Amino acid sequence: MTRSLTYLHYLPAFEAVARLGGIRAAADELNLSASAVSLQIKKLGEATGIALFEKTGRGVALTRAGADFAQAVAVSLGQLEGAAGAARRIDMAAPAVSLGVSVPTALGIAWLSGVLVEFAEGRNIPELTINEAVTGAEVDWERNDVAIVYDNPPFPGKSWHLLSAVRLRTVCAPVLFPKLDLQQRERKLGGITLFHEDDGAEWAKWAVEARVSLQGSRRVRVGSVAQAVASAVQGRGLALVSDMLTRGFLAEGRLIQPFLASINAAHEYYILCPEERAEDPLLRALVDHVTDHLRPKRA
């Protein structure tokens, strides 16, 4: 059976006028102009063939037919709202499929794993798997729906979104600060242990930017930047890392940044997913959730 209900979008205005007893009050509630509400009431009357209101001085009053129609509309709108609410509750209660997310180890340890767990709990996802990979090429897409990587595009076959550019800064434990020779005209880091993942090129680039001599410093090459951060927290030396990895330690006072100088990292943080899933509501919600945690928090 075909129904011609082209007037449905006029019903909220009609219900508000009938309930509040006036066009001005309904307009204020609906955040519309009085003329816009009046026009909708006129269109509704024309579409239904019912004389809905009659003028009473400066105001309007429901006709007998209008009153009967208003009662039916109020019941119907209430039922629709109740049905929509029940559907939303069912949708929220229904568990999503399992979710696999690949993250760089250091970023996961720093804060990202907790953010992913929070997201899974909020979405009632019964099974979350957090895997590890640093670059896009290392991600196992048989096991992961999404990946956060420290890499540069392009990423063939993947949709990607820049999470954050990366600036590298030196960090150390407060107990190490007095040992840094920063008072002399020629600042040196002789005798200080420097932690690095690469061949030392980033430290050399930073030294030029900071105008600091690395002569006489000790070098420790680590397999993961997480080890560099952990060693710095333990007071064993200086690490040259992104603020994204140390913001929690900096906020707690367990790490400090003894130099203002910083350099661009060779890569940036991106979040990837297969191209065919770029519009998946769950994955888009995850992108928004992670991005929100990167925004500076107001004091």
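The values are calculated or read from the model by the stated rules, or taken from the named source; none is laboratory data. Values in this document were obtained by computation on a predicted structure and should not be read as measured data. Note that we place each Cβ from the backbone using ideal geometry, even for glycine, and neighbour counts take in every protein chain shown.
Among the candidates ALA110, ALA137, ALA106, ALA84, the residue that is surrounded by fewer than 12 Cβ atoms within 10 Å (Cβ to Cβ), outside the structural domain of GLY45 (by TED's automatic domain parsing) and farther than 20 Å from ASP280 by Cβ is uniquely ALA137. Could you tell me whether the range 272-280 includes any residue that is surrounded by 14 or more Cβ atoms within 10 Å (Cβ to Cβ), part of a helix (DSSP H, G or I) and not acidic (Asp, Glu)? Checking the range 272-280: at least one residue is surrounded by 14 or more Cβ atoms within 10 Å (Cβ to Cβ), part of a helix (DSSP H, G or I) and not acidic (Asp, Glu).
Against the test of being within 29 Å of SER217 (Cβ to Cβ) and touching a strand residue (DSSP E or B) at 6+ places or on another chain (Cβ under 8 Å), the options PRO174, PRO178 yield a single qualifying residue, PRO174. Looking only at residues in the range 194-208 that are surrounded by fewer than 18 Cβ atoms within 10 Å (Cβ to Cβ) and either at pLDDT below 85 or farther than 15 Å from ASN264 by Cβ (or both), the one that is nearest to the chain's Cα centre (by Cα) is ASP198. For the range 114-129, enumerate the residues that are farther than 19 Å from HIS161 by Cα and not charged (D, E, K, R). Once the filter is applied, which keeps residues that are farther than 19 Å from HIS161 by Cα and not charged (D, E, K, R), the range 114-129 yields GLY114, VAL117, ALA120, GLY122, ASN124, ILE125, PRO126, LEU128, THR129. Does the range 33-52 include one or more residues that are part of a helix (DSSP H, G or I), under 30 Å from GLU197 (Cα atoms) and either among the aromatic types (Phe, Trp, Tyr) or touching a Phe, Trp or Tyr at 6+ places or on another chain (Cβ under 8 Å) (or both)? The answer is no, given that none of the residues of the range 33-52 is part of a helix (DSSP H, G or I), under 30 Å from GLU197 (Cα atoms) and either among the aromatic types (Phe, Trp, Tyr) or touching a Phe, Trp or Tyr at 6+ places or on another chain (Cβ under 8 Å) (or both).
For the range 26-58, filtered to residues that are out of contact with any helix residue (DSSP H, G or I) (no Cβ under 8 Å at 6 or more places or on another chain) and of a type in the set (Gly, Ala, Ser), the residue that is surrounded by the most Cβ atoms within 10 Å (Cβ to Cβ) is GLY45. Would you confirm whether or not the range 82-91 contains a residue that is over 23 Å from HIS289 (Cβ atoms) and either of a type in the set (Val, Ile, Thr) or within 20 Å of the chain's Cα centre (by Cα) (or both)? Taking every residue of the range 82-91 in turn, none turns out to be over 23 Å from HIS289 (Cβ atoms) and either of a type in the set (Val, Ile, Thr) or within 20 Å of the chain's Cα centre (by Cα) (or both). Pairs are defined by a Cβ separation below 6 Å, a sequence spacing of at least 6 or placement on different chains, a first member in the range 220-231 that is in the same structural domain as GLY248 (by TED's automatic domain parsing) and crowded, with 17+ Cβ neighbours inside 10 Å, and a second member that is assigned to a helix (DSSP H, G or I) and among the small types (Gly, Ala, Ser); the pairs so defined are VAL225/ALA106; ALA226/ALA106.
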